[in-house]
Amino acid sequence: MKKGIFLCLKITLISGVFFILINKQFTLKGIGLTFFISAIYSFGLGLGNIFLNDYLNTKWSWIAQTNKRVWAGIIATVLYIIPVILAIHYFLFVILENKNPQYFFSTKMIWVHLFWIIFALGISAFLHARGFMKNWKASVKKETKQHEIVAKIASAKFESLKSQLDPHFLFNSLNVLVSLIGENPKQAEKFTTKLSKVYRYVLEQRNKELIPLEEELKFARTYMELLQMRFEDAVEFNIPSSVSNPELKIVPLSLQLLLENAVKHNVVSSTKPLEIHIFEAGDFLQIQNTLHPKENIGKSTKIGLKNIVDRYILITEKSVEIKNNNKTFTVSLPLLTK
């Protein structure tokens, strides 16, 4: 409201000075009359258009309902300006100057009416266009800000998810090492050497969003060799030595987490060997293991699997597929090329 009044005062001052100079109305009466008439036009048309524009903005959005807002603005502006211009002219010429009412409808006055109506419509069109641009810029700024917030949240969440890998991996690896030290010291020494290589890989890849499938398969093979050092013939695995496309990528350390879960939740023995098969199937990499669920293991937190699913959600629209047919447990990881 205050901004509208201030704007109308500015228009009154500028237009008043302009018409005083054009008409050379330098007398006190002439100056006062010119500013009075300018104020009538400025406040009659200006404030009305401001209120009209604000009202229409509450009904229809410039961004979401552009067509409706444009047509509503055109119709409402025309219906407002024509009667207001005619009312102002009737007051100025018939009442203030005491002209004959017939003069109000004369050819000369019709052209005066038409000029001011067209002029007012032009100003209104400018104000509406200005309003549209302001709303559009605000919308773009808001959308950009929202994208920045979403990106920051996603980045923070992604970093949080990746940070779970190190302690999770180290904790389980140390458990394996502790078991080997008591059972087979020589194997424990070999395990330690391989573990150092594996952990180096973990440290190198943990900051990456995606990793070549070929590298991850090579790492998975090394990790499975670590498991075989402990379980010997109780673990059988089949991992492809090559990939169909060297550009294919997956989430780093996803295979390690899935292999780790397979060992954690299943009986691993010579009588019930754990069989793990990794292979490409269309646009997915499938990791399949036989099911021999451990008893009294407690409720699984599924941190590892959820970690993988959440990380894929953050970088692609393709979903991780999980199938359990009571004989085998299969996880299908989307193969990406970005």
Under 10 Å from the Cβ of Lys249, count the other residues' Cβ atoms, weight Lys and Arg +1, Asp and Glu -1, and hand me the total.
-3
Simple label model, 7 Å out from Cα along Cβ direction - Trp136 to Leu291, nm:
5.7
Please build a GNM for the chain, connecting alpha carbons under 10 Å apart, and tell me which residue among Thr27, Thr144, Thr193 fluctuates the most.
Thr27
Can you list the chymotrypsin sites (Phe, Trp or Tyr not before Pro) in region 19-108 that are in a DSSP coil and have 14 or fewer other beta carbons within 10 angstrom?
Phe26, Phe105
Cα long-axis angle, helix 185-205 against the chain (0 to 90 degrees, to the nearest 10):
10
Identify which of the listed values of Rg/Rh (Cα atoms, Kirkwood Rh) was calculated from the structure shown: (i) 0.93; (ii) 1.44; (iii) 0.96.
(ii)
So which trypsin sites (Lys or Arg not before Pro) in region 219-315 pass both tests, a DSSP loop state and at most 15 other Cβ atoms within 10 Å of the Cβ?
Lys294, Lys299, Lys302
Given the chain, longest segment not containing exposed loop GluC sites (Glu not before Pro) (DSSP; at most 13 other Cβ within 10 Å)
98-246
Give the angle, between 0 and 90 degrees and rounded to the nearest 10, that separates the Cα long axis of helix 2-23 from the longest principal axis of the Cα atoms of the chain.
40
Gap separating the Cα centres of region 182-228 and region 260-275, nearest whole Å:
19
Of Lys197/Lys306; Lys197/Lys218; Lys194/Lys218; Lys208/Lys338, which sit over 19 Å apart, Cα to Cα?
Lys197/Lys306
For region 71-138, run through the trypsin sites (Lys or Arg not before Pro) and keep only the ones in DSSP coil with at most 16 other Cβ atoms within 10 Å of their Cβ.
Lys99
Dividing the helical contributions, -39500 (n - 2.57) per DSSP H run of n ≥ 4, by the residues of the chain yields a 222 nm value, nearest 500 deg cm²/dmol, of -23000 deg cm²/dmol
If you fit an axis through the alpha-carbon atoms of helix 165-183 and take the longest principal axis of the Cα set of the chain, what angle between them do you get, 0 to 90°, nearest 10?
10
Once you've got the Cα coordinates, tell me which of Lys145/Lys318; Lys249/Lys272; Lys59/Lys142 are over 30 Å apart.
Lys249/Lys272
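The numbers here are math on the coordinates, done by the rules we state, and not lab data. Here the structure is a predicted model, which is why all the values come from computation and not from measurement. Neighbour counts are summed over all protein chains in view; Cβ atoms, including those assigned to glycine, are modelled from backbone coordinates with ideal geometry.
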